[in-house]
Amino acid sequence: RFETGVYGLLGANGAGKTTLIKCLCNLYEIDSGSILYNGMQINQLKNNYFNSLGYLPQNFGYYQDFTAYDFLSYIGVLKGLEEKKLEHRIEYLLKELGLYEKKNIRLKLYSGGMLRRVGIAQALLNEPEILILDEPTAGLDPKERIHLKNLLNQYGEKHTVIISTHIVSDVED
């Protein structure tokens with residue numbers, strides 16, 4: 001049972017963390033048991049569940065020729081966000097994640113850590129009730145890891161945050 005707060009899903013590589021996350025995101029069909037959201041099976045809720053969810057997969061896809069701003073705008077439209085709210089949210093997230101100064105550079109020129117932060121931004125774009133991040137610190141330098149931990153702790157005060165990792169220090173705080 002997940003409530004408001006930050007949860008760590010800790011396990012060795014190959015332990016099934018990503019599989020569990022994909023089940024929680026309704027990307028894998030489960031063989032037995034059930035996953036409920038507000039008392040209802042998630043596979044029956046469709047968009048009502050997806051609209052409440054923010055997800056960063058271990059490897060997320062992006063268009064290399066998009067800028068960070070264009071990519072987040074595109075994802076925001078796919079998520080059905082209102083244009084004015086979307087612009088404000090993109091600006092906020094780009095600043096919060098240290099990408100604002102490079103928002104108009106094509107993603108193919110970004111470092112791995114910068115791409116990871118764009119992925120985190122797209123997961124946070126719709127201010128989801130449930131935020132699920134699979135190995136969110138991969139490629140981040142120590143300073144960025146600390147900033148992300150602080151951001152997620154703050155976000156977890158009013159939302160549910162689930163972080164999957166094999167690195168104990170990523171979840172110990």
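A few notes on this one:
- On the stretch given as region 93-105, residues that are over 17 Å from Leu140 (Cα atoms) and surrounded by fewer than 15 Cβ atoms within 10 Å (Cβ to Cβ) total 3.
- Test: residue in region 119-140 that is in a helix (DSSP H, G or I) and modelled with pLDDT under 95: no
- Residue in region 129-147 that is surrounded by the most Cβ atoms within 10 Å (Cβ to Cβ), counting only those that are of a type in the set (A, V, I, L, M) and over 11 Å from the mean Cα position of the chain (by Cα): Leu140
- Residue within region 81-91 that is outside any helix (DSSP H, G or I) and within 21 Å of Pro57 (Cβ to Cβ) present: yes
- Single unsatisfied condition, Val77 versus (1) surrounded by fewer than 16 Cβ atoms within 10 Å (Cβ to Cβ); (2) not in a helix (DSSP H, G or I): (2)
The values are calculated or read from the model by the stated rules, or taken from the named source; none is laboratory data. Note that the structure is predicted; figures quoted are calculated from it, not measured. Every residue, glycine as well, gets a Cβ built from its backbone with ideal geometry; the counts of neighbours run over all protein chains shown.
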